[in-house]
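**Student:** Structure provided below as structure tokens; questions to follow.
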Amino acid sequence: MKYSKSKIKSCFLNLDRKSFMDIHQESAYFDRAVPIGHGQTISQPSLVLSMTLYLDLEPDSKVLEIGTGSGFQTALLAELSRAVYTIERINALYIRAEERLTALGYSNIHFLHGDGHSGWQEHAPFDRIMVTAAGGEVPQALINHLAPGGRMIIPVGDTFHQELKLITKSRNGEVAHSFIEHVMFVEFKSGTE
Ligand code: SAH
């Protein structure tokens, strides 16, 4: 069973973006990315919604998210799937997001402080993968971790030009890439801090 667009929208509208922000709360309801500290941003809400729609989640989907950040996108994924495995490279953001999402009552989210370039081998494969930071290429580990029939949404490019891509893996393992739109994300960096 797939979710209707209106169900996904209502889950999105039920999330209070302000409660995912510790600073710049006055900007919580503007449709733009807002700083969350450590040089990172909470993504633009309209993009969170459109990327979630493109992911085409199912209630029993097992999802890998790279770039936990504030945890706002994580919460939406968790509302609409069986389990979310989320990776964040900045320790302070990882700790804060886990604290926040646990306090909000989510029990189907698994957190990792690490570099998402290598995916999360222990729990692979994933039915859906969402990356919320932009790098020069799609890491091979993430393609390997995508289950047959799976979908991945990932921004690819540099600071000035990024393309949001949908990557699908067919039932027999064929991988196809398609262009969705131009976007602006923070850098998909290597290593942890
Ligand atoms: N979707 C989140 C965060 C967007 S910002 C939100 O809306 O709040 C992107 C996040 O990706 C940042 O928190 C950044 O630290 C993280 N990130 C960047 N490179 C990463 C990597 N290699 N592995 C894991 N997280 C990474």
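**Student:** I need the full set of residues from the range 31-63 which are in a loop (DSSP other than H, G, I, E, B) and either hydroxyl-bearing (Ser, Thr, Tyr) or under 20 Å from residue 95 (Cβ atoms) (or both), in order please.
**Tutor:** The answer is 38, 39, 43, 61.
**Student:** Inspect all residues belonging to the range 81-102 and state whether any of them is open to solvent by 20 Å² or more (accessible area, probe 1.4 Å), in a strand (DSSP E or B), of a type outside the set (Ser, Thr, Tyr) and in contact (Cβ under 8 Å) with a residue 12 or more places away in the chain.
**Tutor:** Within the range 81-102 (the criterion being open to solvent by 20 Å² or more (accessible area, probe 1.4 Å), in a strand (DSSP E or B), of a type outside the set (Ser, Thr, Tyr) and in contact (Cβ under 8 Å) with a residue 12 or more places away in the chain), the answer is no, since none of the residues qualifies.
**Student:** Is it the case, given these coordinates, that residue 67 is in contact (Cβ under 8 Å) with a residue 24 or more places away in the chain, of a type in the set (Gly, Ala, Ser), within 21 Å of residue 180 (Cα to Cα) and near the ligand (Cβ under 9 Å from one of its atoms)?
**Tutor:** So residue 67 passes the test.
**Student:** Follow-up. Among the residues in the range 36-46, are any out of contact with any Asp or Glu (no Cβ under 9 Å at 6 or more places or on another chain) and more than 10 Å from the ligand (Cβ to nearest atom)?
**Tutor:** No: zero hits.
**Student:** Still on this model: So, restricting to strands (runs of 3 or more DSSP E) that lie completely within the range 103-169, which ones have at least 1 residues that are over 25 Å from residue 182 (Cα atoms) and at pLDDT 95 or above?
**Tutor:** 109-113, 126-131, 146-157
**Student:** Here is a follow-up. Can residue 36 be described as under 11 Å from the mean Cα position of the chain (by Cα) and buried (at least 18 other Cβ atoms within 10 Å of the Cβ)? Please lay out each step first, then the result.
**Tutor:** On the way: under 11 Å from the mean Cα position of the chain (by Cα): no; buried (at least 18 other Cβ atoms within 10 Å of the Cβ): yes.
Taking the combined requirement at face value, the residue does not satisfy it.
**Student:** Still on this structure, I have one more. Run down 43, 50, 70, 61 and say which single residue is more than 23 Å from residue 112 (Cα to Cα) and among the polar types (S, T, N, Q). Show your work before the answer.
**Tutor:** On the way: 43 fails: more than 23 Å from residue 112 (Cα to Cα); 70 fails: more than 23 Å from residue 112 (Cα to Cα); 61 fails: more than 23 Å from residue 112 (Cα to Cα).
Residue meeting the stated conditions: 50.
**Student:** Could you list, in sequence order, all residues of the range 161-176 that are crowded, with 17+ Cβ neighbours inside 10 Å and farther than 12 Å from residue 146 by Cβ?
**Tutor:** Answer for the range 161-176, where residues must be crowded, with 17+ Cβ neighbours inside 10 Å and farther than 12 Å from residue 146 by Cβ: 162, 164, 165.
The values are calculated or read from the model by the stated rules, or taken from the named source; none is laboratory data. Since the structure is predicted, the reported quantities are computational estimates derived from the model, not experimental observations. No Cβ is skipped: glycine too gets one built from the backbone with ideal geometry, and neighbour counts run over all protein chains shown. For the accessible areas, the whole protein counts, side chains as well, though only heavy atoms, and no ligand, DNA or RNA atoms are used. Shrake-Rupley method; radii C 1.70, N 1.55, O 1.52, S 1.80 Å.
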